[in-house]
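Accompanying notes for the structure given below.
The values are calculated or read from the model by the stated rules, or taken from the named source; none is laboratory data. The structure presented is a predicted model; accordingly, all values stated were derived computationally and were not measured. Note that we place each Cβ from the backbone using ideal geometry, even for glycine, and neighbour counts take in every protein chain shown. Ligands, DNA and RNA are stripped out before the accessible areas are found, and what is left, the full protein with its side chains, is counted by its heavy atoms. Shrake-Rupley method; radii C 1.70, N 1.55, O 1.52, S 1.80 Å.
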Amino acid sequence: IGPVVEAPAGVGIERWSGSAVKEFQPDVLYGQLGWEAQKATAATSEALKVPYALRLWSGLDSLGLPAECRAWYGGLDSPLCRGIVVEDAFMTEWAITMLRPGVPVHAVPNSLYVEEYAGTAPGVERRGNVVLAVARIVAKKGLIHLVHAARGIPEAEVWIVGDGREAPNLRAAAGRNVRFWGIRAEADLRSFFYPTAAV
């Protein structure tokens, strides 16, 4: 919990995150996703002498892990770094084998309570042909592939909840069986969207 830090174009993120950290005074910095952001977390931590931890996710290797990225993680040995957090035993083994970091790797399962999302809701009937995607609509989420696939399955209804800079491109590529719902509250997702969707 803390300030949202967005660096203007062309300005190093370390400068902006550093000023926010000084103001917020956290006990620990947490570098979440994206190794460039994690490098900024480490640099900010070292400059301000605040402990930090980094988070790796299971899709990292599929993005074509650059050699410089591997070398950077492998060179982590700062006493300020409390370790790398991953979601399961597989990623623990992967991180240790592939990156060989000089800091501990900790498995902390994702804190998503699936039961709260998979249940039924009073008065809501599950529809066997609804495919639901809830995401920030940006290129790296790959929703364009879902939109293209929907064209080949006209009996499916594809519902996309969210918004983002790629929304106009998705709308332009979408067929009649793709519906855009915009941003919806978490309560709406749990009470209507998740109980209605088949996938």
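Note on TRP72 and ASP88: the model spin-label points, each 7 Å out from Cα along the C-beta direction, lie 2.7 nm apart. Carbon-plus-sulfur accessible fraction, the range 143-183 (probe radius 1.4 Å, protein heavy atoms only): 53%.
Each Cα pair under 8 Å and six or more residues apart adds its separation to the average, and for the range 73-159 the resulting relative contact order is 24 percent. Sites listed here are GluC sites (Glu not before Pro) in the range 121-166 whose DSSP assignment is loop and whose Cβ has at most 13 other Cβ atoms within 10 Å: GLU125, GLU155. Less than 5 angstrom separates the built amide H of VAL158 from those of VAL131, VAL178, ARG179, all sequence-distant by 5 or more or on a different chain. Kirkwood hydrodynamic radius computed over the range 67-167 comes to 17.6 Å, based on all pairs of distinct alpha carbons.
Here's the picture: a label point sits 7 Å out from the Cα of THR120 along the beta-carbon direction, and within the range 157-199 the residues with their amide nitrogen under 20 Å of it are 188-199. Within straight-line reach of LYS49, meaning a Cα separation under 24 Å, sit the following lysines at least 8 residues removed in sequence or on another chain: LYS22, LYS39.
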